[in-house]
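A quick write-up on the structure given underneath.
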Amino acid sequence: MATRLREPAFTSSLSTSNCDTDDEGVRGTCEDASLCKRFAVSIGYWHDPYIQHFVRLSKERKAPEINRGYFARVHGVSQLIKAFLRKTECHCQILNLGAGMDTTFWRLKDEDLLPSKYFEVDFPMIVTRKLHNIKCKPPLSSPVIELHSEDTLQMDGHILDSKRYAIIGADLRDLSDLEEKLKKCNINTQLPTLLITECVLVYMTPEQSANLLKWAASSFETAMFINYEQVNMGDRFGQIMIENLRRRQCDLAGVETCKSLESQKERLLSNGWETVSAVDMMELYSRLPRAEVNRIESLEFLDEMELLEQLMQHYCLCWATKGGSELGLKEITC
């Protein structure tokens, strides 16, 4: 029989509690990031034929330093993901926490680099929107169906579970609910697991993010954690970033852990992770292959290099490992 998508029930069961209202600004950052990625892709920073199916191209031109910042972010995270996949020979699973409209699953499939299963988690409201796009757009739904061996693919407003891809609506601050939903989607705690957070932990209190990191370290025997977010937030530039977000009803509840690369590393080490590395994004940018830097810098003129440096010095990429010495996970770098 041909595989088909079962008609999802796109009815929202979300309450309008105070917590939900407080999270509105955080959910808005998903749209911001998607629009920025869509624009950068449209002018050639990197290839992503799938982002167009999740977000429309903004009429507003993004600043060159923003585009280069997103390029460095996507490149750095992608390098670490692929290194993990190579070390595990794709016999692993990926858990993208706060995935938003991320397209990594589809791009990895195109490169024949899919893990055993790819999981995404985000707020139920965001998941509902993403599922709607997947259901309605064949370039998104066809790869999921193609990899699924059952007659029907179960999907409702807040969850989709297939053989190689699952997306779950959950609050990362409610770990018991998250764990229950992951188990229903057949998460395998024995498989090497890569967990990814990009600008996620900073919106949680230090206690909440510590609980998530501890849960991740204790749940999987062999694991790697990638975290991309703010750093060096104690200076004037950092304060301006905080104030700008606050004006948009978006509070950086976990900013105190973003003081330095050392504070970022210490958070991981104190919550069950065995090895940790961290670089600010300017350092990562300086390590890019010269040919690639020349290519992206030719795409548009950047008036002041200092702007790029200032912005990139306030974001970082951290990666930590637990177990996996026989796989060489500790050797991974970007």
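To keep it simple, each residue is scored yes or no on (1) over 23 Å from Val41 (Cα atoms); (2) among the acidic types (Asp, Glu).
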site	(1), (2)
Ile240	yes, no
Leu268	yes, no
Ser286	no, no
Cys316	no, no
Glu326	yes, yes
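Name the pairs: first residue in the stretch 308-334 and in contact (Cβ under 8 Å) with a residue 12 or more places away in the chain, second residue in a loop (DSSP other than H, G, I, E, B) and acidic (Asp, Glu), Cβ to Cβ under 6 Å, at least 6 apart or on different chains?
Within 6 Å, the pairs are Lys322/Glu274; Gly323/Glu221.
Let me spell it out: the conditions are (1) crowded, with 21+ Cβ neighbours inside 10 Å; (2) over 22 Å from Glu180 (Cβ atoms); (3) not polar (S, T, N, Q), and Arg86 meets all of them except one. Which number is the exception?
Only one criterion in (1) crowded, with 21+ Cβ neighbours inside 10 Å; (2) over 22 Å from Glu180 (Cβ atoms); (3) not polar (S, T, N, Q) is unmet by Arg86, namely (1).
Go through the stretch 223-242 and give me each residue that's open to solvent by 20 Å² or more (accessible area, probe 1.4 Å), in contact (Cβ under 8 Å) with a residue 60 or more places away in the chain and either among the β-branched types (Val, Ile, Thr) or in a helix (DSSP H, G or I) (or both).
Across the stretch 223-242, the qualifying residues are Phe237, Met241.
Could you look through the stretch 54-69, keep only residues that are surrounded by fewer than 19 Cβ atoms within 10 Å (Cβ to Cβ) and of a type outside the set (D, E, K, R), and pick out the one that is modelled with the lowest pLDDT?
Ser58
Do we find a residue being assigned to a helix (DSSP H, G or I) and either of a type in the set (S, T, N, Q) or within 16 Å of the chain's Cα centre (by Cα) (or both) anywhere in the stretch 55-66?
Here is the first cut: in the stretch 55-66, the ones assigned to a helix (DSSP H, G or I) are 64-66.
Adding the requirement that they be either of a type in the set (S, T, N, Q) or within 16 Å of the chain's Cα centre (by Cα) (or both) leaves none.
For the stretch 55-66, residues assigned to a helix (DSSP H, G or I) and either of a type in the set (S, T, N, Q) or within 16 Å of the chain's Cα centre (by Cα) (or both): absent.
Given Leu284, Leu308, which one is open to solvent by less than 30 Å² (accessible area, probe 1.4 Å) and touching a strand residue (DSSP E or B) at 6+ places or on another chain (Cβ under 9 Å)?
Criteria check complete, one pass: Leu284.
Name the residues in the stretch 125-138 that are assigned to a helix (DSSP H, G or I) and open to solvent by 60 Å² or more (accessible area, probe 1.4 Å), would you? Please lay out each step first, then the result.
Step one: of the stretch 125-138, the residues assigned to a helix (DSSP H, G or I) are 125-136, 138.
Listed by number, the residues that qualify are Met125, Arg129, His132, Cys136, Pro138.
For the stretch 119-141, give me each residue that is free of Cβ contacts under 8 Å to residues at least 24 places away in the same chain and aromatic (Phe, Trp, Tyr).
Correct list: empty.
Cβ-Cβ distance below 7 Å, separation of 6 or more or different chains: which pairs start in the stretch 92-113 with a residue that is open to solvent by 10 Å² or more (accessible area, probe 1.4 Å) and small (Gly, Ala, Ser) and end on one that is modelled with pLDDT of 95 or more and assigned to a loop (DSSP other than H, G, I, E, B)?
Sorted first by the residue in the stretch 92-113, then by its partner, the pairs are Gly98/Leu172; Gly98/Val200.
Show the residue pairs that are 6+ apart or on different chains and have beta-carbon atoms under 6 Å apart, the first residue being within the stretch 142-160 and under 18 Å from Ile187 (Cβ atoms), the second being assigned to a strand (DSSP E or B) and open to solvent by less than 20 Å² (accessible area, probe 1.4 Å).
Listed pairs, sorted by first residue: Val144/Tyr165; His158/Gly169; Ile159/Ile168; Leu160/Ile167.
Checking Trp215 against (1) out of contact with any strand residue (DSSP E or B) (no Cβ under 8 Å at 6 or more places or on another chain); (2) open to solvent by 30 Å² or more (accessible area, probe 1.4 Å); (3) assigned to a helix (DSSP H, G or I): exactly one of these is not met. Which one?
Unmet condition: (2).
Quick one: in the stretch 292-302, of everything that is without any contact (Cβ under 8 Å) to a residue 24 or more places away in the chain and surrounded by fewer than 12 Cβ atoms within 10 Å (Cβ to Cβ), which residue is farthest from Ile43 (Cα to Cα)?
So the residue we want is Asn294.
Check Ala99 against each of (1) out of contact with any strand residue (DSSP E or B) (no Cβ under 6 Å at 6 or more places or on another chain); (2) assigned to a loop (DSSP other than H, G, I, E, B); (3) within 29 Å of Thr333 (Cα to Cα) and name the one condition it does not meet.
If we test Ala99 against (1) out of contact with any strand residue (DSSP E or B) (no Cβ under 6 Å at 6 or more places or on another chain); (2) assigned to a loop (DSSP other than H, G, I, E, B); (3) within 29 Å of Thr333 (Cα to Cα), just (1) comes out false.
So, in the stretch 162-195, how many residues would count as being out of contact with any Ser or Thr (no Cβ under 8 Å at 6 or more places or on another chain), polar (S, T, N, Q) and open to solvent by 40 Å² or more (accessible area, probe 1.4 Å)?
Summing the residues that are out of contact with any Ser or Thr (no Cβ under 8 Å at 6 or more places or on another chain), polar (S, T, N, Q) and open to solvent by 40 Å² or more (accessible area, probe 1.4 Å) in the stretch 162-195 gives 3.
Can you tell me how many residues in the stretch 36-53 are in a helix (DSSP H, G or I), touching a residue at least 24 places away in the same chain (Cβ under 8 Å), closer than 24 Å to Glu304 by Cβ and open to solvent by 30 Å² or more (accessible area, probe 1.4 Å)?
Taking the stretch 36-53 as the starting set, the residues that turn out to be in a helix (DSSP H, G or I) are 36-42, 51-53.
Then keep just the ones that are touching a residue at least 24 places away in the same chain (Cβ under 8 Å); that gives 36-37, 39-40, 51, 53.
Those left that are additionally closer than 24 Å to Glu304 by Cβ: 36-37, 39-40.
Adding the requirement that they be open to solvent by 30 Å² or more (accessible area, probe 1.4 Å) leaves 37.
Of the residues in the stretch 36-53, 1 are in a helix (DSSP H, G or I), touching a residue at least 24 places away in the same chain (Cβ under 8 Å), closer than 24 Å to Glu304 by Cβ and open to solvent by 30 Å² or more (accessible area, probe 1.4 Å).
Of all residues being among the hydroxyl-bearing types (Ser, Thr, Tyr) and outside any loop (DSSP other than H, G, I, E, B) in the stretch 248-265, which is surrounded by the fewest Cβ atoms within 10 Å (Cβ to Cβ)? Just the residue, please.
Going residue by residue through the stretch 248-265, those that are among the hydroxyl-bearing types (Ser, Thr, Tyr) are 257, 260, 263.
Remaining after also requiring outside any loop (DSSP other than H, G, I, E, B): 257, 263.
Details: Thr257: 22, Ser263: 16.
Among residues in the stretch 248-265 that are among the hydroxyl-bearing types (Ser, Thr, Tyr) and outside any loop (DSSP other than H, G, I, E, B), the one surrounded by the fewest Cβ atoms within 10 Å (Cβ to Cβ) is Ser263.
Of the residues Leu284, Leu307, Leu268, Leu245, only one is more than 26 Å from Glu24 (Cα to Cα), modelled with pLDDT under 95 and part of a helix (DSSP H, G or I); which?
Leu307
The values are calculated or read from the model by the stated rules, or taken from the named source; none is laboratory data. Nothing here was measured: the structure is a model prediction, and the numbers come from that model. A quick note on method: Cβ atoms are made from the backbone with ideal geometry, for glycine too, and the neighbour counts reach across all protein chains shown. For the accessible areas, the whole protein counts, side chains as well, though only heavy atoms, and no ligand, DNA or RNA atoms are used. Shrake-Rupley method; radii C 1.70, N 1.55, O 1.52, S 1.80 Å.
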